[in-house]
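Report on one structure; see the data block that follows.
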Amino acid sequence: MNSQIDVAEGAAATRPTEIEFSGIEKRFETAEGTVHALQDINLSFARGEFIVLLGPSGCGKTTLLRIAAGLLRPSNGRVLIGGRDLWQNDQRDNKAVQELGVVFQEANLMPWYNIEQNIALPLKLRGASKQDRLQRAHELCKLVGISGFERRWPRELSGGMRQRAAIARALSYDPEILLMDEPFGALDAMTRDQMNIEIQRIWMQSERTVLFVTHSISEAVFLADRIILLSPRPGRVHSITDVSFERPRDMRLQTTLEFQSIVRDLREELEEMG
Ligand SMILES: Nc1ncnc2c1ncn2[C@@H]1O[C@H](COP(=O)(O)OP(=O)(O)OP(=O)(O)O)[C@@H](O)[C@H]1O
Ligand SMILES: [Mg+2]
């Protein structure tokens with residue numbers, strides 16, 4: 001088992017730090033008492049890294065992602081995005097938040113907007129002109145592989161296509177960091193494999209830092225540069241696994257012994273945690 005590390009290793013060491021969690025602690029006060037969700041999380045991720053958070057249900061993955069997104073405030077500790085403190089004197093740093101694009105398990109598209117309007121919505125909120133918005137939506141549809149569906153309604157798209165649109169929307173304003181919480185959890189196995197190939201392609205092309213949450217060990221090993229395994233509640237960093245397969249990776253990788261051995265080791269670690 002690796003201990004927590006606070007410096008990026010290997011090739012990532014030469015790149016600037018993009019996300020840093022320092023002494024993160026999260027407690028929720030509920031009617032039934034305090035829920036201790038996260039304890040002493042110290043991690044730092046370099047620009048351009050693909051990081052996967054893995055761990056048992058309820059260990060705090062979503063909580064940590066929401067903390068990174070500035071949607072939740074940690075009870076203790078600091079979050080730095082591109083070197084900026086996300087919280088300063090009780091105020092969220094909205095400049096830092098602009099570096100973040102978020103994708104959740106459900107695409108959450110607006111049903112009364114068509115696909116290009118949905119994708120361009122963040123740009124509209126930022127005051128971009130209509131022409132710029134439509135052009136950007138068009139480029140993004142191409143990037144995520146839904147060209148030709150710009151004028152369709154969300155309900156006319158499959159689940160996988162709606163997720164692509166949600167990814168395009170998150171990329172619309174050029175955030176440095178993509179935060180994704182089980183974005184493919186609701187998809188069937190084949191669409192999920194396809195989306196894993198696609199997200200790798202988009203990531204390689206757009207050079208973003210990705211923090212990706214999943215339940216699936218094989219999805220984690222397929223996608224990640226590094227896998228952060230969290231322990232059961234309160235979530236702590238249980239281990240960090242470097243995954244150094246060449247890119248682009250394709251699905252045949254999953255049949256190799258090396259791939260299966262990393263999956264097996266992680267599964268054993270998860271089982272040991274109970
Ligand atoms: N707003 C909240 N109020 C109270 N408790 C919360 C809140 N959000 C999360 N929790 C609790 O914090 C713990 C961690 O929840 P979280 O959703 O982060 O887990 P998770 O690892 O994402 O789980 P899953 O894999 O099932 O999505 C859980 O015990 C959950 O009940
Ligand atoms: Mg979750």
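Here residue 26 is the anchor, and the aspartates and glutamates within straight C-alpha reach of less than 16 Å, apart from those fewer than 8 places off in the same chain, are 40, 90. Connecting C-alpha atoms closer than 10 Å in a GNM of the chain, tell me which of 117, 200, 135 has the biggest fluctuation. In the Gaussian network model the winner is 135. Charge tally for residue 49 (other residues, Cβ to Cβ under 10 Å; Lys, Arg +1; Asp, Glu -1): +2.
Starting from the 7 Å offset along Cα-to-Cβ, what nm value, one decimal, do you get for the label separation of residue 142 and residue 27? The answer from the label model is 5.4 nm. Taking other C-beta atoms within 10 angstrom as a stand-in for reagent exposure, 30, 63, 256, 191 fall in the order 30, 256, 191, 63, fewest first. Taking the square roots of five times each eigenvalue of the Cα gyration tensor of the chain, the equivalent ellipsoid has semi-axes of 29, 23, 18 Å, listed largest first. Distances between placed amide hydrogens fall under 5 Å for residue 18 paired with 45, 46, 47, all partners being 5 or more residues away or on another chain. Here the dipole of the stretch 208-254 is about 160 debye; that uses its Cα centre as origin and unit charges on the Cβ of Lys and Arg (positive) and Asp and Glu (negative). Model label sites at residue 204 and residue 247, defined 7 Å from Cα along the beta-carbon direction, differ in position by 0.8 nm. Assuming charge only on the beta carbon of Lys and Arg (+1) and of Asp and Glu (-1), the dipole of the chain about its Cα centre is about 1100 debye to the nearest 20. Count Lys and Arg as plus one, Asp and Glu as minus one, and take only other residues whose Cβ is under 14 Å from that of residue 156; the net charge is then +3. Selection among 131, 157, 141 by position relative to the dipole of the stretch 126-246 gives 131 as farthest towards the positive end (Cβ unit charges, Cα centre).
Positive contributions from Lys and Arg (+1) and negative ones from Asp and Glu (-1), summed over other residues with Cβ under 12 Å from the Cβ of residue 138, come out at 0.
We did not get these values from a lab; they are worked out from the coordinates using the rules stated. Computed from a predicted model, the values in this text were never measured in an experiment. Reconstructed Cβ throughout: ideal geometry from the backbone, glycine too, with neighbour counts over all protein chains shown.
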